[in-house]
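Shown next, in structure tokens, is the structure this report addresses.
The values are calculated or read from the model by the stated rules, or taken from the named source; none is laboratory data. Model, not experiment: these values are computed from the prediction. Every residue, glycine among them, receives a Cβ derived from its backbone with ideal geometry; neighbour counts consider all protein chains shown.
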Amino acid sequence: MRFARPLLLGALLPATAVGLTLSVVAAAGRADPRAQEAPDPLPLLERLPGRWKGEQTAGGAHLLENVEWKQVLQNRFLECRLEASDPITGNLTYEGIGFLRHDPVLDEYSFHWFDSNGRTERYLGRAVGETIELDAVESAGIDRLVFRPEERGYACEAGRLTEGEALVQVFESRYRRESQDEDDEP
């Protein structure tokens, strides 16, 4: 008697609804074709997890930076924690946290930034070769962030875009690995 309900339900449903239901069930077993065609994230994203030491140059001033990148939220985001200090006094002058993500379906990158100056910024961007270029959605002073790999580390450049799309640098930071995560190869 248990099976009478499903059979009765099938008899009561119009044939088109049953056909549609079977189509949905059959499609559920197949992979999304867009996901199969989506490119892999840049190798730079695989390189980032770990601790980095860096130096920032902004308008002739220098800051020393400690950065840690790690996978968070079920490996869907890379979290960046940054602390900048004065190279002479060693005093902490600035800190921030950001979340970087690659959307494989859209092949788009997003970065959300929050810092000790009270600034929040959301960036969207794309890969250009091995570089990630991110444009501010609503600029609070920096229109574009560029992350690019270097032979022994990576660099981050930020600037304002001119009308001709030239980047006027606000700051540039260069980083060298301090340590690797346990999962990284030496």
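For G159, the stated conditions hold: it is more than 21 Å from K53 (Cα to Cα) and assigned to a strand (DSSP E or B). Pairing each residue of the stretch 109-127 that is more than 17 Å from G159 (Cα to Cα) with any residue that is part of a loop (DSSP other than H, G, I, E, B), provided the two are 6+ apart or on different chains, yields C-beta distances under 7 Å for A127/L42.
Of all the residues in the stretch 83-134, those that are on the phi > 0 side of the Ramachandran plot and among the acidic types (D, E) number 1. Of the candidates I132, I88, I142, the single residue that is out of contact with any Leu (no Cβ under 8 Å at 6 or more places or on another chain) and surrounded by 13 or more Cβ atoms within 10 Å (Cβ to Cβ) is I142. Scanning the stretch 38-75 for residues that are loosely packed, with under 11 Cβ neighbours inside 10 Å, farther than 19 Å from L145 by Cβ and among the small types (G, A, S) yields one hit, G60. Checked against the criterion of being modelled with pLDDT under 95 and within 29 Å of the chain's Cα centre (by Cα), the stretch 8-28 contains one or more residues that satisfy it. State which residue is modelled with the lowest pLDDT when the search covers only the stretch 140-156 and only residues that are under 18 Å from the mean Cα position of the chain (by Cα) and farther than 15 Å from L48 by Cβ. Within the stretch 140-156, the match that is modelled with the lowest pLDDT is I142. Please go through the stretch 94-119 and give me each residue that is surrounded by 15 or more Cβ atoms within 10 Å (Cβ to Cβ) and over 19 Å from the mean Cα position of the chain (by Cα), ordered by number. Correct list: Y94 only.
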